[in-house]
Amino acid sequence: MNKNYYAVLMAGGVGSRFWPVSTTEFPKQFHDMLGSGHTLIQKTFSRLSQLIPVENILILTNEKYNNLVLEQLPMVKQEQVLLEPAMRNTAPCILYASLKIKKQNPDAVMVVAPSDHWIEDEKAFTDNLQHCFDFSAKENALMTLGIQPTFPNTGFGYIEFDKSDLNAIKKVNQFREKPDYETAKAFLESGNFLWNGGIFIWSVKSITEAFEKFQPQMNALFLEGWGSYNTDAEKAFIERNYAAAENVSIDYAVMENAKNVYVLPATFDWNDLGTWGSLHEKLDKDENNNAVVNASVLLNNSSSNIISTSKDKIVVIDGLEDFIIVDKDNVLLIYPKSKEQEIKGIVSQLKK
């Protein structure tokens with residue numbers, strides 16, 4: 001394996017659209033959402049370790065999930081777990097990890113990947129990632145893996161690439177915000193738009209230069225800790241300074257400003273598992289399109305539902321279509337799939 005290859009696994013999210021299974025105390029990346037026998041973070045770590053040395057995989061997460069990470073990934077050492085003392089979106093944590101890696105290995109190329117996505121064809125993923133690593137090792141490029149859109153999804157951002165570019169790796173024209181339905185349809189018809197899956201590849205040299213150029217204040221903040229990275233003083237520096245970083249995504253902070261952005265259209269099946277509806281797509285279904293996790297069910301006149309309960313609970317349903325039915329501990333959720341984006345708001349209401 002190439003000692004210059006690194007991965008940063010982002011595992012700090014709460015996954016509130018998967019409530020009540022995913023909670024602040026136990027988010028979805030630490031659950032076996034598809035009944036595969038492995039949690040999402042375990043599957044992602046295993047997939048990345050096909051190409052990247054285990055000791056070169058860093059996990060970025062919130063302080064409160066440290067023990068969960070170490071329990072689920074026993075091959076990982078404590079120094080590979082980068083703990084965020086405050087929630088600050090993706091740009092600060094990526095800069096922190098990039099500087100830490102750069103200090104250890106200035107020739108490194110790295111992938112940044114969410115820990116809670118589902119990828120079926122792991123060989124295709126590894127081949128795509130190798131292609132990106134090869135490109136990033138030679139070029140001053142900020143790369144992303146773009147996902148081939150299968151329908152006009154309004155829940156994702158899009159990447160517009162140059163239509164005239166016949167290379168496998170394409171120059172990005174611009175990032176586009178989550179569109180309305182008609183705009184999403186137009187994106188698909190034009191043929192040069194991809195979903196932004198949030199998987200990024202670059203050399204540490206390229207990404208740290210980009211932060212220096214586009215985020216000088218944040219860059220200066222984290223560079224103050226350069227002497228402490230990969231030493232016993234690192235934790236204290238991060239605890240003191242991390243919360244002072246701006247709460248901003250890598251897309252806004254860097255990618256939308258840079259001119260050296262490239263995309264490789266992915267050749268693997270991908271699902272961001274962001275909602276109960278997206279989970280419904282990946283699960284096996286009965287003849288009426290109902291998906292069941294753990295429950296024993298008796299269903300009449302019911303179709304296109306997802307039902308998730310504790311093991312072997314008996315659930316009897318008649319006359320429901322397109323609903324989410326989740327029974328978890330002391331919570332029962334019965335909610336239309338068409339309103340699944342609102343579940344996040346319900347969690348906020350209940351906290352009040």
So, with +1 on the Cβ of K and R and -1 on the Cβ of D and E, and no other charges, what is the size of the charge dipole of the stretch 123-212 about its Cα centre, to the nearest 20 debye? 160 debye
Based solely on its DSSP helices, what 222 nm [θ] is calculated for the chain when runs of n ≥ 4 H residues each add -39,500 (n - 2.57) and the sum is averaged over all residues, nearest 500 deg cm²/dmol? -8500 deg cm²/dmol
Express in Å², to the nearest 10, the accessible area of E224 obtained by rolling a 1.4 Å probe over the protein heavy atoms while all chains stay in place. 130 Å²
So how strong a dipole does the stretch 209-352 carry about its Cα centre when Lys and Arg Cβ are +1 and Asp and Glu Cβ are -1, to the nearest 20 debye? 360 debye
GluC sites (Glu not before Pro) within the stretch 1-67: DSSP coil, no more than 13 neighbouring Cβ in 10 Å: E25
Which is farthest toward the positive dipole end of the chain among N288, W226, N105, measuring Cα position about the Cα centre, with Cβ charges +1 (Lys, Arg) and -1 (Asp, Glu)? W226
Once the Cα gyration tensor of the stretch 105-223 is found, what semi-axes does its equivalent ellipsoid get, as square roots of 5 times the eigenvalues, in whole Å, sorted largest first? 26, 18, 15
At a 1.4 Å probe, what is the % contribution of carbon and sulfur to the accessible area of the chain? 48 percent
Counting DSSP beta bridges in the chain, what percent are antiparallel, to the nearest 5? 45 percent
Enumerate by residue number the GluC sites (Glu not before Pro) in the stretch 237-267 meeting two conditions: DSSP loop (anything except H, G, I, E, B), and at most 14 other Cβ atoms within 10 Å of the site's Cβ. E246
Filtering the chain for DSSP H helices with an axial alpha carbon extent of at least 20 Å and a Kyte-Doolittle mean of at least -0.5 returns 90-104
Putting +1 on Lys and Arg Cβ atoms and -1 on Asp and Glu Cβ atoms, find which of T150, G198, A258 reaches farthest to the positive end of the dipole of the stretch 120-258. A258
Taking only Cα atoms and a 10 Å spring cutoff, compute GNM fluctuations for the chain and point out the largest among P149, P92, P27. P149
Could you pull out every residue, at least 5 positions away or on a different chain, whose amide H is within less than 5 Å of the one on E84? Hs are placed 1.01 Å off N in the peptide plane, and Pro or chain starts have none. T61, N62, E63
Simple Cβ-charge dipole of the chain, Lys/Arg +1 and Asp/Glu -1, about Cα centre, in debye nearest 20: 680 debye
Express the accessible area of the stretch 153-207 per residue in Å², computed with a 1.4 Å probe while the remaining protein chains stay in the model. 46 Å²
For Cα pairs less than 8 Å apart in space and 6+ apart in sequence, what is the mean separation divided by the residue count of the chain, i.e. the relative contact order in percent? 20 percent
Which pairs, out of K28/K337; K3/K163; K313/K344; K163/K285; K123/K344; K123/K313, put more than 30 Å between their alpha-carbon atoms? K3/K163; K163/K285; K123/K344; K123/K313
Can you pull the three principal axis extents for the Cα set of the stretch 215-261, in Å, largest first? 37, 20, 13
Please report, in cubic angstrom per residue, the volume enclosed by the convex hull of the alpha-carbon atoms of the stretch 260-305. 105 Å³
On average, how much accessible surface per residue is there in the stretch 49-118, in Å², for a 1.4 Å probe, leaving out ligands, DNA and RNA? 36 Å²
The answer for F323, listing residues at least 5 apart or on another chain whose modeled amide H is closer than 5 Å to its amide H, is N305, I306, K337
Nearest 5 percent is fine: what portion of the DSSP beta bridges confined to the stretch 117-269 is antiparallel? 75 percent
Can you bin every Cα-Cα distance in the chain into 10 Å intervals starting at zero and give me the percent of pairs per bin, rounded to whole numbers? 5, 23, 32, 25, 11, 3, 0
In the stretch 27-121, trypsin sites (Lys or Arg not before Pro) in a DSSP loop with at most 15 other beta-carbon atoms within 10 Å: K77
Sequence-distant or interchain residues sharing an amide H contact under 5 Å with V292, placed H: which? I307
Just reorder H38, H31 by solvent-accessible area, largest first, 1.4 Å probe, all chains present. H38, H31
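The values are calculated or read from the model by the stated rules, or taken from the named source; none is laboratory data. Just so it is clear, the structure is predicted and the values come from calculations on it, not from any experiment. Please note: Cβ atoms are built from the backbone with ideal geometry, for glycine as well, and neighbour counts cover all protein chains shown. Each accessible area value is taken on the protein alone, full model and side chains, heavy atoms only, with ligands, DNA and RNA left out. Shrake-Rupley method; radii C 1.70, N 1.55, O 1.52, S 1.80 Å.
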